[in-house]
Amino acid sequence: MHLMSRRRMLQLTGVSAVSLLTIPAVAREDKDEKKGGYPFELPKLPYEFDALDAAIDAKTMEIHHDRHHKAYVDNLNNALKEMPDLQKLSLTELVTSLSKVPEKSRAAVRNNAGGHLNHSWFWLMMSKDGGGEPSGALGKAIDSSFESFAKFQEAFSKAAMGRFGSGWAWLVAKEGKLTISSSPNQDNPIMKEGSGTPILGLDVWEHAYYLRYQNKRADYVKSWWKVVNWKFVAQLHEGAKS
Ligand code: MN
């Protein structure tokens, strides 16, 4: 997805000024187009640590956000410390311009910018009022791409289970069609040009579920549906059309 479409997406999907305040990592890059996002900041969680307890326990949320996500932000800032040109880029620009990063720093930028981006969106893709099934245009798009919501859930869960080791499962919107994919490590679909717009992502790193579910990733994935913030996913889907 082109950088501009994400910017336009935020404008066009009616993400309000209030909700933008809860996503400073994303808001910053929109505000500071010329300045770039450096130094990047850890966005506040838009809810309490225990808000997602139907699927994810408070301790996991705290460690995941305060330590894992923070480490991606800190490591990204460290990696960019001596590279003033790259500091001028926004987060989205960074992950879509990895070829501009000197080879010795490329893996660090890829992993940590990807980690920062993925987690900034992941928190927003969940809500204590989440779960259920999407209606409206998103519900229709899911039905037409996967036959039914149940079949979509099955295919997405399969992608999440099939990702060996650490990574993410994705629902991606491209040219009016929805597809499911998965990525290793902290890669995001937008790292590949022309891949479409990710509108839902699921973190399947063990750090996302190990305290409550230990090695049972399938149980985590099954519970996770209870907290999916379809309202936000629908906004991203709507924005992906523009
Ligand atoms: Mn994670």
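The values are calculated or read from the model by the stated rules, or taken from the named source; none is laboratory data. Worth saying up front: this structure is predicted, and the values here are computed from it rather than measured. Please note: Cβ atoms are built from the backbone with ideal geometry, for glycine as well, and neighbour counts cover all protein chains shown.
Just checking, does the stretch 55-63 include any residue being farther than 26 Å from ARG217 by Cβ, not assigned by TED's automatic domain parsing to the domain that holds VAL204 and not in a loop (DSSP other than H, G, I, E, B)?
For the stretch 55-63, residues farther than 26 Å from ARG217 by Cβ, not assigned by TED's automatic domain parsing to the domain that holds VAL204 and not in a loop (DSSP other than H, G, I, E, B): absent.
Going through ASN118, ASN112 one at a time, which residue ends up being within 16 Å of the ligand (Cβ to nearest atom), out of contact with any Leu (no Cβ under 9 Å at 6 or more places or on another chain) and in a helix (DSSP H, G or I)?
Numbers: ASN112 fails: out of contact with any Leu (no Cβ under 9 Å at 6 or more places or on another chain).
When all the criteria are applied, what remains is ASN118.
Among the numbered criteria (1) crowded, with 19+ Cβ neighbours inside 10 Å; (2) at pLDDT 95 or above; (3) within 15 Å of the chain's Cα centre (by Cα), which one does PRO184 miss?
All conditions pass for PRO184, except number (1).
Restricting to the stretch 222-236, what's the tally of residues that are farther than 16 Å from GLY131 by Cα and either outside the structural domain of ALA160 (by TED's automatic domain parsing) or of a type in the set (D, E, K, R) (or both)? Before you say what the answer is, go through the steps one by one.
The initial filter retains those residues of the stretch 222-236 that are farther than 16 Å from GLY131 by Cα, namely 236.
Filter again for either outside the structural domain of ALA160 (by TED's automatic domain parsing) or of a type in the set (D, E, K, R) (or both), leaving none.
Selection size over the stretch 222-236: 0.
If I filter the stretch 90-99 for residues that are of a type in the set (Asp, Glu), away from the ligand (no atom under 16 Å from the Cβ), closer than 25 Å to THR197 by Cβ and at pLDDT 95 or above, do I get at least one hit?
No, the stretch 90-99 has no match at all.
Would the stretch 155-167 turn up any residue that is touching a Phe, Trp or Tyr at 6+ places or on another chain (Cβ under 8 Å) and within 16 Å of the ligand (Cβ to nearest atom)?
yes
Being in a helix (DSSP H, G or I), free of Cβ contacts under 8 Å to residues at least 12 places away in the same chain and closer than 17 Å to PHE232 by Cα is the requirement here; does LYS140 meet it?
When the stated conditions are applied, LYS140 passes them.
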